[in-house]
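Structure first, then comments.
The values are calculated or read from the model by the stated rules, or taken from the named source; none is laboratory data. These numbers were taken from a predicted model, which means no experiment stands behind them. Quick reminder, even Gly has a Cβ in these numbers, built from the backbone with ideal geometry, and neighbours come from all protein chains shown. In case anyone asks, the SASA skips ligands and DNA or RNA and just uses the protein heavy atoms, side chains included. Shrake-Rupley method; radii C 1.70, N 1.55, O 1.52, S 1.80 Å.
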Amino acid sequence: MKKHNPYALAMIGILVSFAGFVVENIWRLLTKGIVDNRGMLLPFLAGYGMALIAFYLLFGTPDTLHFLRWKIPLRSRWAKHLCYLLTAAVLISIGEILLGTLVEKLCHFYWWDYTNLPLNITRYTSVPTSLGFAAMVYLFMARIFSPLYNAFCRWPQKWLRILSIILSSLLLADFVNTGLLMYIKKQSPKRWKIVLFHRALQKVLSFPI
């Protein structure tokens, strides 16, 4: 089994956590005309990074598709890439349903709501959103992941280790702190919000508030 550099993987997870924060705020901007802290103190959503690294450890990249130690017996590159995309979409749907339901049961509020989106599966996932997220995962893993991983592996290992541990600890502390606040206050912590326009697209497209 291939040996991984945990500090390089951690740095990728950190970057993906920042990308998740940006993507969610782009969605908020388009649907509600606002950007906000997404419940966090830092501009990172650690769940995105942790999920992507877990997905990589389970399935590899589209070109090295496997499940743990077992190679998926698909000879066609096209078939492997399609399988990778669809697997990501299915697991994203399952993950969203589990996470959304967990927050609903423990914290007694809806963290997000896709009810008004087409082809929704429960309020927490939908076919379009799952395919959209899966496409981003696929493109990142197919085009960006390996060059980025190799670039981090070429960093001086001492500094890579120190930086990845410090940043990962900060993100984990923020993640746990937000989870505790959500459980105690029964809402997502709101620390800042910038209104850029007054929900014009949200009203036209009838997205949920």
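What's the lysine pair count for region 1-89 at a Cα cut-off below 28 Å, pairs eight or more apart or interchain?
5
Once the other residues with Cβ under 14 Å from the Cβ of Leu82 are scored (Lys, Arg +1; Asp, Glu -1), what is the net sum?
+2
Ignoring ligands, DNA and RNA, please state the percent of accessible area on region 24-93 from carbon and sulfur, probe 1.4 Å.
73
When N counts the residues of the chain, how does its alpha-carbon radius of gyration compare numerically with 2.2 N^0.38 Å, as a ratio?
Dividing the Cα radius of gyration by 2.2 N^0.38 Å gives 1.09.
What does the charge count around Phe18 come to, taking other residues whose C-beta lies under 15 Å from its C-beta (Lys +1, Arg +1, Asp -1, Glu -1)?
-1
May I ask you to rank His81, His66 by accessible area, largest first, using a 1.4 Å probe over the protein chains only?
His66, His81
How much net charge surrounds Asp63 when only other residues with a Cβ under 9 Å from its Cβ are counted (Lys, Arg +1; Asp, Glu -1)? Mind showing how you got there, number by number?
Numbers: positive: Arg77, Lys80; negative: none.
Here the count lands on +2.
For a paramagnetic label modelled at 7 Å from the Cα of Phe197 toward its Cβ, which residues of region 7-45 fall within the zone defined by backbone nitrogen distances under 16 Å?
26-35
Once you have the Cα-Cα distance between Gln187 and Leu86, take 0.36 nm times their residue separation minus that, and quote the gain in nm to one decimal.
33.1 nm
With θ taken as phi - 60° and the coefficients 6.51, -1.76 and 1.60, list the Karplus ³J(HN,Hα) couplings across region 114-123 in order, rounded to whole Hz; mark glycine and proline as x.
Coupling constants for region 114-123: 9, 4, 7, 7, x, 6, 6, 10, 6, 6 Hz.
Hey, how many Å between the Cα centroid of region 112-129 and the Cα centroid of region 95-111?
Distance between centres, Cα-based: 14 Å.
Hey, what angle do you get for helix 77-107 against the long axis of the chain, alpha-carbon based, 0 to 90 degrees rounded to 10?
That helix lies at roughly 40 degrees to the long axis.
Taking amide H atoms as placed 1.01 Å from N in the peptide plane, list the residues 5 or more away in sequence, or in a different chain, whose amide H sits under 5 Å from that of Ile121.
Ser126, Val127
Hey, for a label at Leu74 modelled as a point 7 Å past Cα toward Cβ, could you say which residues of region 130-150 have their backbone N under 14 Å away?
135, 138-139, 142, by backbone N distance to the label point.
Extension gain Phe67-Thr122, at 0.36 nm per residue separation less the Cα-Cα distance, in nm?
Result for the pair: 17.0 nm of gain on full extension.
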